[in-house]
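Accompanying notes for the structure given below.
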Amino acid sequence: MNLINIIPKTGQLDIIVQVSNYSFRESGIFGDVQIGQPYQMMKHVFNRYVVQDLLLIGVFVVIGLYHVMIYLLNRRDSELLWLAGFCLTVALRALLLNKFLVYSIVPEVSWTLLMHMQYSMKFIALLTYIQLIRTIYRHDVDDVVHKISVVVSLIALLYVAIVPPRMFTLSFNIQTVIMVVILGYYFLVVGYLLLVRKREGARLNLVSMLFIIVAIIHDFYLYTNKIQSVQMVPYAILMTLLVQAIIISYRYTRFQQRNVQLAHDLQDVNRNLEAKVTERTDALNESNAQLVALTQQRSRLMANIAHDMGSPLTGVKLSLHILTEDSLNPHEKQDVFSVLMTRIDYVKNLVDDLFRLAKLESRQLEFAWEHVVVAELNAELSAYFGQLVYAQGRSLISEHLVPHTFHADAIVCIDRQQLYRVLQNLIDNAMKYSADPQAPIILRSVVRQSITDVTHYEWYVAVVDHGIGIAQEHLPLIFERFYTRSNGLVGGSGLGLAICKEIVERHGGVIGAQSTIGEGSTFFFTVPIAE
């Protein structure tokens, strides 16, 4: 469309039109020639040809510049740059197609240059669009086909940019076929793959692609004067651009949501990590404290062993030295020999206790487990330890309580020998630390509900004496190795109660003591009733 301002010099105006198509295939007049007043013609041209194109050009420019700004902020997602390039290229081509706008902006522009730019923009738009599709759907576009499409488009671009318009305008049909074939692959083949593989925005893409193919074919017939209509390609391109912008925006929205979720997850991980670091630090501190305690305990153990074995060995050495004296009579030698044997027995018992305790703590001592009825076991214990205590000039009172008939049939799983060793040690201590030799030792037992778990039952056994008692501050220490009462009345290795504790714990029970100074002590242990 051209607007020519003619100022007649006479009352009669003759218009002579000369047409030549040596330079351009579309030379000539294909529409109606309209004549009118300048203002009316300007208004008609502006409303029909300028406003519509300006709106389209403005939309394309805004979309393109928007994505350029987004890319400059990110500089990482190349699809934004290709989309912006496609928008700006289409906007420039739409401007070049409107001769009125072009000559209004650049009145002296060369017609040949204008033709070169129009046709070049067509293939530049094609290149940017297929690059956009390749970037968005990298895994769905065949690399070989894409490279061929790029090479063919570049060759076509060079062709229309170099050869004169009278040549490249004659190949308009071939150029259209090239574009339709290339776009057909990206629209139909790639669009089908997107649908099959359920890519995001696949259906919207396919609709826009089909629409743009129809628009290209429609405008081909329009430009070859086969039909009279309006251009559809700009609207199809606008629809395609909007679809691609929606897909990219949707991706960015998903990425943003994913980033927000990752940020929350990272905060949770950091919080959990801090908690774990604190927990591990506490565990390390606890382990370190335990290690320090074990080191100190080992040092005390070695010191106690050295002390407890050093004194008897010194006595043994002294006794041996005395035995070498010729001045001793047979009776004195017999006394020294008795002292020597006592000290040797003490050392042997100490070594045996240490060995037994070490095997118990390392779980190397095998237990001979058996199930025994509590009532029968009570009778055995009363008979055995009653005779043992009586043989030492003391008395033992047995108190076996049976609150319910069920308790009389209760069964415990024990190692009989080890359990006897526990009671032997407790009764020996009771007799050893009794202030009154005539005071009886009490052996008490009962089946009761567990203190720690009321759904289970346990066999409770206690040894009661009326001896000197134990101070409250010493009660937590009496089951440690080498603990001995510091009153100096009675000696001992201090390993017996530690061995008792290990044996009872191997039975799944607990051991403890209650005492009052001057009134006596109660040592007790529990064994779970077998289910």
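The values are calculated or read from the model by the stated rules, or taken from the named source; none is laboratory data. This structure is a prediction, so every number in the text was calculated from the model and none was measured. Glycine also receives a Cβ, built like all others from the backbone with ideal geometry; neighbour counts cover every protein chain displayed.
Does any residue of segment 163-174 turn out to be at pLDDT 90 or above and of a type in the set (S, T, Y)? Explain how you work it out, then say what you get.
At the first step, the residues of segment 163-174 found to be at pLDDT 90 or above are 163.
Adding the requirement that they be of a type in the set (S, T, Y) leaves none.
Within segment 163-174 (the criterion being at pLDDT 90 or above and of a type in the set (S, T, Y)), the answer is no, since none of the residues qualifies.
Looking only at segment 133-180, how many residues end up being within 19 Å of T224 (Cα to Cα) and in a helix (DSSP H, G or I)? Spell out how you get there, then give the answer.
Kept after step one, since they are within 19 Å of T224 (Cα to Cα), are these residues of segment 133-180: 160, 165-180.
Applying the additional criterion that residues be in a helix (DSSP H, G or I) yields 160, 165-168, 172-180.
Residues that pass the stated criteria total 14.
Between Y420, Y390, Y460, which is part of a helix (DSSP H, G or I), in the same structural domain as E505 (by the TED database), of a type in the set (F, W, Y) and touching a residue at least 12 places away in the same chain (Cβ under 8 Å)? Working first, answer last.
Values: Y390 fails: touching a residue at least 12 places away in the same chain (Cβ under 8 Å); Y460 fails: part of a helix (DSSP H, G or I).
After ruling out the rest, the residue left standing is Y420.
Among (1) in the same structural domain as M117 (by the TED database); (2) touching a residue at least 60 places away in the same chain (Cβ under 8 Å), which single condition is N225 missing?
(1) is the only condition that N225 fails.
Determine whether segment 129-151 contains at least one residue that is surrounded by fewer than 19 Cβ atoms within 10 Å (Cβ to Cβ), under 20 Å from T176 (Cβ atoms), touching a residue at least 24 places away in the same chain (Cβ under 8 Å) and polar (S, T, N, Q).
Checking segment 129-151: not a single residue is surrounded by fewer than 19 Cβ atoms within 10 Å (Cβ to Cβ), under 20 Å from T176 (Cβ atoms), touching a residue at least 24 places away in the same chain (Cβ under 8 Å) and polar (S, T, N, Q).
If I filter segment 57-64 for residues that are closer than 22 Å to P107 by Cα, surrounded by 15 or more Cβ atoms within 10 Å (Cβ to Cβ), at pLDDT 80 or above and not basic (K, R), do I get at least one hit?
Step one: list which residues in segment 57-64 are closer than 22 Å to P107 by Cα, which gives 57-58.
Add one more test, that the residue is surrounded by 15 or more Cβ atoms within 10 Å (Cβ to Cβ), and what stays is 57.
Still in the list and also at pLDDT 80 or above: 57.
Still in the list and also not basic (K, R): 57.
Yes; the residues of segment 57-64 include at least one that is closer than 22 Å to P107 by Cα, surrounded by 15 or more Cβ atoms within 10 Å (Cβ to Cβ), at pLDDT 80 or above and not basic (K, R).
Sort through R76, R93 and tell me the only one that's outside any helix (DSSP H, G or I) and among the basic types (K, R).
Values: R93 fails: outside any helix (DSSP H, G or I).
Answer to the check: R76.
Can you say whether G184 is under 21 Å from D143 (Cα atoms) and free of Cβ contacts under 8 Å to residues at least 24 places away in the same chain, as far as the supplied structure shows? Outline the logic, then answer.
Numbers: under 21 Å from D143 (Cα atoms): yes; free of Cβ contacts under 8 Å to residues at least 24 places away in the same chain: no.
No, not satisfied.
Among all residue pairs at least 6 apart or on different chains, which show Cβ distances below 6 Å where the first residue, located in segment 78-101, is free of Cβ contacts under 8 Å to residues at least 24 places away in the same chain and the second is assigned to a helix (DSSP H, G or I) and of a type outside the set (G, A, S)?
L81/Y71; A84/H67; A84/V68
So, G58, is that one assigned to a helix (DSSP H, G or I), farther than 18 Å from M232 by Cβ and in contact with a helix residue (DSSP H, G or I) (Cβ under 6 Å, 6 or more places away or on another chain) or not? Give the steps one after another, and end with the answer.
On the way: assigned to a helix (DSSP H, G or I): yes; farther than 18 Å from M232 by Cβ: yes; in contact with a helix residue (DSSP H, G or I) (Cβ under 6 Å, 6 or more places away or on another chain): no.
In short, no.
Could you say whether any residue in segment 437-446 is in contact (Cβ under 8 Å) with a residue 60 or more places away in the chain and either among the β-branched types (V, I, T) or closer than 15 Å to V412 by Cβ (or both)?
Yes, some residue in segment 437-446 is in contact (Cβ under 8 Å) with a residue 60 or more places away in the chain and either among the β-branched types (V, I, T) or closer than 15 Å to V412 by Cβ (or both).
Being at pLDDT 80 or above, more than 30 Å from F168 (Cα to Cα) and of a type in the set (V, I, T) narrows it down to one of I130, I136, so name that one. Don't jump to the end; show me each part of the working.
Working: I130 fails: more than 30 Å from F168 (Cα to Cα).
Exactly one residue qualifies, and that residue is I136.
I want to confirm something. Restricting to segment 152-175 and keeping residues that are out of contact with any Ser or Thr (no Cβ under 9 Å at 6 or more places or on another chain) and not aliphatic (A, V, I, L, M), which single residue is nearest to M232 (Cα to Cα)?
Ranking the qualifying residues of segment 152-175, first place goes to Q175.
Take the residues in segment 184-210 that are over 19 Å from I246 (Cα atoms) and among the hydrophobic types (A, V, I, L, M, F, W, C); name whichever of them is surrounded by the fewest Cβ atoms within 10 Å (Cβ to Cβ).
Pass one, segment 184-210, residues over 19 Å from I246 (Cα atoms): 184-185, 188-189, 192-193, 196-197.
The next check asks that each one be among the hydrophobic types (A, V, I, L, M, F, W, C); those that pass are 188-189, 193, 196.
Details: L188: 14, V189: 14, L193: 16, V196: 10.
Only one residue fits best here, namely V196.
Does F220 satisfy the criteria of being at pLDDT below 80, surrounded by 13 or more Cβ atoms within 10 Å (Cβ to Cβ), assigned by the TED database to the domain that holds V68 and part of a helix (DSSP H, G or I)?
Working: at pLDDT below 80: yes; surrounded by 13 or more Cβ atoms within 10 Å (Cβ to Cβ): yes; assigned by the TED database to the domain that holds V68: no; part of a helix (DSSP H, G or I): yes.
Taking the combined requirement at face value, the residue does not satisfy it.
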